1. Work out how much length A:Glu73 to A:Arg212 would gain on full extension: take 0.36 nm times their residue separation and subtract the Cα-Cα distance, in nm to one decimal.
2. Spin-label point model (7 Å from Cα, Cβ direction): what's the A:Glu5 to B:Thr192 distance in nm?
3. Rounded to two decimals, what is the ratio between the C-alpha radius of gyration of the protein assembly as shown and 2.2 N^0.38 Å?
4. Between A:Val120 and B:Asp27, what FRET efficiency follows from the Cβ-Cβ distance if R0 is 25 Å, with the result rounded to 0.05?
5. To the nearest 20 Debye, how big is the dipole of chain B about its Cα centre, given +1 on the beta carbon of each Lys and Arg and -1 on that of each Asp and Glu?
6. Treating chain A as a set of equal point scatterers at the Cα positions, no solvent, please give the Debye-formula log₁₀ I(q)/I(0) at q = 0.10, 0.12 Å⁻¹.
7. Can you give the net charge of the other residues whose Cβ lies under 12 Å from the Cβ of B:Ser35, counting K and R as +1 and D and E as -1?
8. Mind checking which of B:Asn137, B:Leu163, B:Leu123 is farthest towards the positive end of segment B:109-194's charge dipole, using Cβ charges of +1 (Lys, Arg) and -1 (Asp, Glu) about the Cα centre?
There are 2 protein chains.
Amino acid sequence: MSLLESTIANIPPSDAVAAAEVQRRLDGKTKPRASLGRLEEVACALGAIQATAAPRAESKAVVVMAGDHGVAEEGVSAFPQEVTAQMVANFARGGAAINVLARHVGARVVVVDMGVKAPVPGLPGVLDLRVGPGTRNLARGPAMTRAETVRALEAGIGVAAKLADEGVNVLAIGEMGIANTTAASALTAAFTGISPDEVTGRGTGIDDAAHRRKVEVVRRALAVNPVDPADPLGTLAALGGFEIAGLAGVVLGAAARRVPVVIDGFIASAAALAAARLAPRAAEALLASHRSVEVGHRAILQALGKKPLLDLDLRLGEGTGAVLALHLLEAAVRILAEMATFEAAGVTDSGR
Amino acid sequence: MSLLESTIANIPPSDAVAAAEVQRRLDGKTKPRASLGRLEEVACALGAIQATAAPRAESKAVVVMAGDHGVAEEGVSAFPQEVTAQMVANFARGGAAINVLARHVGARVVVVDMGVKAPVPGLPGVLDLRVGPGTRNLARGPAMTRAETVRALEAGIGVAAKLADEGVNVLAIGEMGIANTTAASALTAAFTGISPDEVTGRGTGIDDAAHRRKVEVVRRALAVNPVDPADPLGTLAALGGFEIAGLAGVVLGAAARRVPVVIDGFIASAAALAAARLAPRAAEALLASHRSVEVGHRAILQALGKKPLLDLDLRLGEGTGAVLALHLLEAAVRILAEMATFEAAGVTDSGR
């Protein structure tokens with residue numbers, strides 16, 4: 001059995017008994033029942049995924065995977081392709097939004113080059129798991145071969161396994177890749193059956209003409225790559241990207257190790273959806289962080305059955321929304337661990 | 001001139017030039033323009049309130065004011081009145097939700113007894129600014145005299161001034177007081193003109209019969225206390241509470257010192273609305289943290305013209321939603337202070 005197959009086979013179901021025990025513990029805390037709303041939901045979800053009534057979230061990491069996309073040659077992005085590599089260098093130096101926000105919430109940033117076109121050599125702290133110098137143009141044929149896709153997935157599984165070994169309690173996923181909203185739109189259309197114009201947005205900020213071109217590119221991608229719902233790997237290969245497949249692998253690897261994964265915006269969520277199509281049980285390990293401005297994001301969250309915690313009009317990617325949500329996960333866990341009970345505090349309980 | 005009058009007279013207008021300079025600085029950072037959405041709005045708002053292009057948010061505090069309400073005798077709450085004092089003791093010992101969440105975001109908790117009925121003696125760290133042993137029953141006449149209301153407001157002004165002197169950059173406000181959603185509902189109806197049944201919710205969790213009784217109590221309160229829109233102090237006296245007037249004072253005092261105030265749920269927001277009616281410019285210093293489950297909260301946020309940052313189905317009060325939002329304020333400030341510019345990072349700027 002390959003690493004991909006064995007990982008999928010090893011994903012456990014979530015633990016409803018642990019979740020119920022978490023809720024029972026929360027109901028004894030000095031507050032009206034359920035008055036902490038979604039924080040209580042989060043505590044229960046973490047208990048279910050980690051299979052414990054005492055979930056943990058203090059050790060946090062965000063995996064940011066970068067890759068380039070052949071489809072950039074169609075003029076679908078507001079930024080030139082070299083920005084992918086420039087931003088990886090920015091990540092390595094700690095100057096990007098994800099670095100600032102990860103420091104703020106106390107999360108490690110793990111930067112992975114999954115296949116930038118022309119990487120900046122010798123960057124400290126960037127993990128080299130390159131599958132190739134960017135994908136092929138998905139508007140003209142498959143972006144990746146099946147073998148490349150499996151390599152990217154297994155690279156992601158390896159990253160998640162290593163972080164789980166190091167004791168990381170909760171993971172966030174983010175990405176960088178000029179033109180990758182085009183790939184995410186194509187994947188969303190293929191996986192959900194929704195038409196390209198309803199799942200294709202403006203990415204980093206293209207104008208009307210470029211947006212029309214982008215919708216057309218997604219349409220062509222679906223026409224030249226006949227995708228089969230029964231073959232999620234083939235769909236991911238045809239329309240995805242190295243960083244997207246890599247993040248799908250992170251989801252699978254984390255789910256197999258009972259590590260909750262907080263998904264970020266549109267592209268990271270497309271990766272999570274691909275993982276859930278490869279292994280439906282992987283969806284149980286996911287939490288949605290925020291609702292992106294990107295129009296296709298709603299369709300993915302609905303397909304995954306996830307309600308985001310934040311709605312801050314973000315559209316940056318990199319894992320920025322996901323790390324802000326990590327802070328809420330940790331808040332939920334601390335409420336469970338640190339709040340006094342009615343009994344210990346001598347507070348009268350109304351039972352409500 | 002009284003402290004209340006001079007404080008109101010000293011509230012400065014917000015600084016639109018500083019806000020524009022904050023946005024200009026954000027536009028130079030390595031991200032598509034406006035892609036951090038509401039975090040960018042928050043950075044601009046903090047710049048406007050603090051009158052600087054380099055706003056600060058690292059020194060954070062939450063003022064939690066407690067008071068009892070005579071209207072509790074009408075059976076409007078799921079919890080007995082002694083819980084107010086019990087919870088103040090819980091705050092003092094660090095076991096309540098607000099303590100846990102404030103620790104999590106790195107905020108000081110300032111607990112103030114504004115008039116609990118029977119306080120627990122000798123609690124360490126609880127500020128004694130008691131106006132009386134709970135208010136009178138607002139369903140039978142004014143809850144407070146005008147003199148008591150001014151005392152409570154000026155106590156709050158003093159708390160804000162002291163925290164500003166100590167270098168606190170941003171404040172959150174929260175409360176505890178059995179039956180205080182009834183007072184907040186009456187204030188909301190009086191200040192917005194919306195009918196009692198549309199602004200009266202279930203507080204800590206009352207059943208249908210108690211809810212009908214509560215709506216009736218709010219109706220009676222508005223009938224026995226004829227309130228005049230031109231007399232916000234009289235309205236606050238008739239329908240408010242010691243902790244609500246105290247928090248309105250904190251808002252006025254903070255606004256006068258250019259300290260941004262993050263409001264919490266329904267009751268803290270009713271206090272903020274009272275402050276805005278006493279001094280319309282005070283509203284410019286406010287940021288809304290979350291949208292409470294309490295039905296009247298929407299009406300207040302609309303009256304204040306504020307859009308909350310979080311929507312987590314919270315209904316606990318204490319400042320719990322507000323301190324979670326403090327973490328987002330600090331995130332916005334750190335983005336502004338710490339992110340690299342396109343120029344410094346050597347990243348190509350698309351101008352979008």
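1. On the way: separation 139, 0.36 × 139 = 50.04 nm, distance 1.53 nm.
Extra length available between A:Glu73 and A:Arg212 comes to 48.5 nm.
2. Taking the simple label geometry, A:Glu5 and B:Thr192 are separated by 6.1 nm.
3. 1.00
4. The pair A:Val120/B:Asp27 has a calculated efficiency of 0.50.
5. Around 260 debye, computed over chain B.
6. -0.55, -0.78
7. +2
8. Of B:Asn137, B:Leu163, B:Leu123, it is B:Asn137.
The values are calculated or read from the model by the stated rules, or taken from the named source; none is laboratory data. None of these values were measured; they are calculated from a predicted model. No Cβ is skipped: glycine too gets one built from the backbone with ideal geometry, and neighbour counts run over all protein chains shown. Please note that ligands, DNA and RNA were not included when accessible areas were found on the heavy atoms of the full protein model with its side chains. Shrake-Rupley method; radii C 1.70, N 1.55, O 1.52, S 1.80 Å.
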